[in-house]
Every structure is written in C-alpha cells, then in structure tokens.
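First the structure, in the form of structure tokens, and then the observations on it.
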Amino acid sequence: MTKSKTKFSIVVDEPKGFCSIGERVGNQNKNEGKIPVISCEGACIRGEIASLAAHLVAKEEPFRRSCHGEMFTVPTSAIAGWMKEAPKVVVIDGCFLHCHGRILKNLIPEDKIAQFDALSVYKKYTDIFDIDDVPEEERKRTARQVADKVLADMKHGKVDKVSAAGCSK
C-alpha cells in the first residue's frame, strides 16, 4: 500500500452565530487552564469507543471535553480559542486513519497535539461496524482500557506523536 501525500481542503460556510454554552465553557476552561480532549465520533464501534474513552479522560484533572465541530468549523469561537491556546490538546482517534489528528495538525502546532489511536490499545472489533454488535458493558470496559492508557501516557509524558504501533510515544 502506498501512502498518498495529497492534501485537500474542505470549504465551510461561515456560521450564523455562536453556541452560547460553547462560549461559556470554552472561556471557563481556558481561564482555568484545562486541557481539551476531542475524539473520533465515527458511526462505527471504533468511533464509539474513542468517544466513550474521551468522556472518561475528560472527567479527570486537568482535562475537559471539547467540541471538535466548533474547533473545525467556528475558528473564532471560545472553544477554538481555548484549543489553540492550550499547551496540549488530547485527540483520541478511533483507528489508524487518525482523522481528527490529521485535521487538527493543520489548525494548531503539531507539537501541541497528544494523539492516540484507540484501536491500537484494544486491537479487536476490526470486522465489526455496528455499535450494537458489541454489548454496552463490553464497550464501556474497552473505553476504560483506552482511557487508562491515555491517562497513563499523559502522566508520563509519552504524548508527542503517534508511534508505529498506533499509540503515542
């Protein structure tokens, strides 16, 4: 398989306003020095596990959940400002495609991104798409496994780039 070096862009219409709760939360988290956490929100089981893991990470100090939608499409919002000014942004991608990490590195300096590939932690469900094909309790256990790995790597400073194995090094 050859890797493409092609870059492409997506044009997004200017928003017709701001999300009031996003403005409040973005400003509050920026003022409190919280570390934003975003994740894959893909429709498949891998996106679901990444999202669940991000929620778990964001419950720990100094992390808080952020909105990738605002970051990617409302560049002057408080959420985007918080993410641009934060010393690190945690990105939990659902799989080897690293969709959110690939987008984010075009919006903030790459050295500020702590990127994780959730699939590389649990290494299963590669032949499953539908979220409901994995029982809820198993999804939660798997998400906890990913969140624990992210938190441990963040604590030990192993967060600069995605390694060949898929998780940060």
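The values are calculated or read from the model by the stated rules, or taken from the named source; none is laboratory data. Owing to the predicted nature of the structure, the values given are computational and were not obtained by experimental measurement. Cβ: placed from backbone, ideal geometry, glycine included. Neighbour counts: every protein chain shown.
Listed here are the residues, each with its yes/no results for (1) at pLDDT 95 or above; (2) within 17 Å of His98 (Cβ to Cβ); (3) out of contact with any helix residue (DSSP H, G or I) (no Cβ under 8 Å at 6 or more places or on another chain).
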| position | (1), (2), (3) |
| --- | --- |
| Val11 | no, no, yes |
| Ile49 | yes, yes, no |
| Ala58 | yes, no, yes |
| Phe63 | yes, no, no |
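Residues that are more than 29 Å from Lys16 (Cα to Cα) and crowded, with 17+ Cβ neighbours inside 10 Å occur at least once in the stretch 95-111.
Every residue, every condition in (1) in contact with a strand residue (DSSP E or B) (Cβ under 6 Å, 6 or more places away or on another chain); (2) not basic (Lys, Arg), yes or no:
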residue: Phe8; (1), (2): no, yes
residue: Lys16; (1), (2): no, no
residue: Glu23; (1), (2): no, yes
residue: Glu32; (1), (2): no, yes
residue: Ser39; (1), (2): yes, yes
residue: Cys44; (1), (2): no, yes
residue: Leu52; (1), (2): no, yes
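Note on the stretch 9-62: residues that are β-branched (Val, Ile, Thr) and under 18 Å from the mean Cα position of the chain (by Cα) amount to 7.
Rundown of residues vs (1) buried (at least 19 other Cβ atoms within 10 Å of the Cβ); (2) touching a His at 6+ places or on another chain (Cβ under 7 Å); (3) within 21 Å of Val11 (Cβ to Cβ); (4) without any contact (Cβ under 8 Å) to a residue 12 or more places away in the chain, yes/no style:
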position	(1), (2), (3), (4)
Ser51	yes, no, no, no
Leu56	yes, no, no, no
Lys59	no, no, no, yes
Glu85	no, no, no, no
Val91	yes, yes, no, no
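You will find that of Val134, Val74, the residue that is out of contact with any Ser or Thr (no Cβ under 8 Å at 6 or more places or on another chain) and touching a residue at least 40 places away in the same chain (Cβ under 8 Å) is Val74 and no other. Would you call Asp111 farther than 24 Å from Lys5 by Cα and either in contact with a helix residue (DSSP H, G or I) (Cβ under 8 Å, 6 or more places away or on another chain) or without any contact (Cβ under 8 Å) to a residue 60 or more places away in the chain (or both)? No: the conditions fail for Asp111. Within the set Gly42, Gly69, Gly26, the sole residue that is assigned to a helix (DSSP H, G or I), closer than 30 Å to Gln145 by Cβ and touching a residue at least 40 places away in the same chain (Cβ under 8 Å) turns out to be Gly26.
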